[in-house]
1. Please work out which one of (1) closer than 12 Å to ILE6 by Cα; (2) under 11 Å from the mean Cα position of the chain (by Cα) is the condition VAL51 fails and give its number.
2. In segment 12-40, what residues are aliphatic (A, V, I, L, M) and either more than 18 Å from ILE82 (Cβ to Cβ) or free of Cβ contacts under 8 Å to residues at least 40 places away in the same chain (or both)?
3. Among (1) assigned to a strand (DSSP E or B); (2) at pLDDT below 95, which single condition is GLY34 missing?
4. Which of the numbered conditions does LYS5 fail, given that it passes all the others? Conditions: (1) out of contact with any strand residue (DSSP E or B) (no Cβ under 6 Å at 6 or more places or on another chain); (2) basic (Lys, Arg); (3) touching a residue at least 40 places away in the same chain (Cβ under 8 Å).
5. Only one residue in VAL75, VAL51 is surrounded by fewer than 17 Cβ atoms within 10 Å (Cβ to Cβ), assigned to a loop (DSSP other than H, G, I, E, B) and in contact (Cβ under 8 Å) with a residue 40 or more places away in the chain, so which one is that?
6. From LEU19, LEU26, LEU56, grab the single residue that is surrounded by 14 or more Cβ atoms within 10 Å (Cβ to Cβ) and modelled with pLDDT under 95.
Amino acid sequence: MFVAKIIGNVWATRKHPGLKNATMLLAKPLDAEGKPVGEAQLVIDNQGAGVGDTVLIVDEGGSARKILKNSKAPVRTVVAGIVDKVHIDKRG
């Protein structure tokens, strides 16, 4: 799992039947300080996230399909939650 910022939307008029009603977004991973790191990833969202939201991403196919409740969806990364706040204790 990792925290990311939603940076864009993806539309596909033709896609696998397992993604028929899926919302596809682009997510940029964030480091512990909230700064963007690495490459943007395509994620599937059923939590209602939008551009600018900070989200929790699951990056493992089996868990992603469980979140979507679709065992046949060709999915690896999915939004598992919308993050309200991240607090890092600087003392430790």
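The values are calculated or read from the model by the stated rules, or taken from the named source; none is laboratory data. The structure presented is a predicted model; accordingly, all values stated were derived computationally and were not measured. Virtual Cβ from ideal backbone geometry, glycine too; neighbours counted across all protein chains shown.
1. (2)
2. If the condition is that a residue be aliphatic (A, V, I, L, M) and either more than 18 Å from ILE82 (Cβ to Cβ) or free of Cβ contacts under 8 Å to residues at least 40 places away in the same chain (or both), then ALA12, LEU19, MET24, LEU26, LEU30, ALA32, VAL37, ALA40 are the ones that fit.
3. Every listed condition holds for GLY34 apart from (1).
4. Just one mismatch for LYS5, condition (1).
5. Numbers: VAL75 fails: surrounded by fewer than 17 Cβ atoms within 10 Å (Cβ to Cβ).
Going through VAL75, VAL51 in turn, just one is surrounded by fewer than 17 Cβ atoms within 10 Å (Cβ to Cβ), assigned to a loop (DSSP other than H, G, I, E, B) and in contact (Cβ under 8 Å) with a residue 40 or more places away in the chain: VAL51.
6. LEU19
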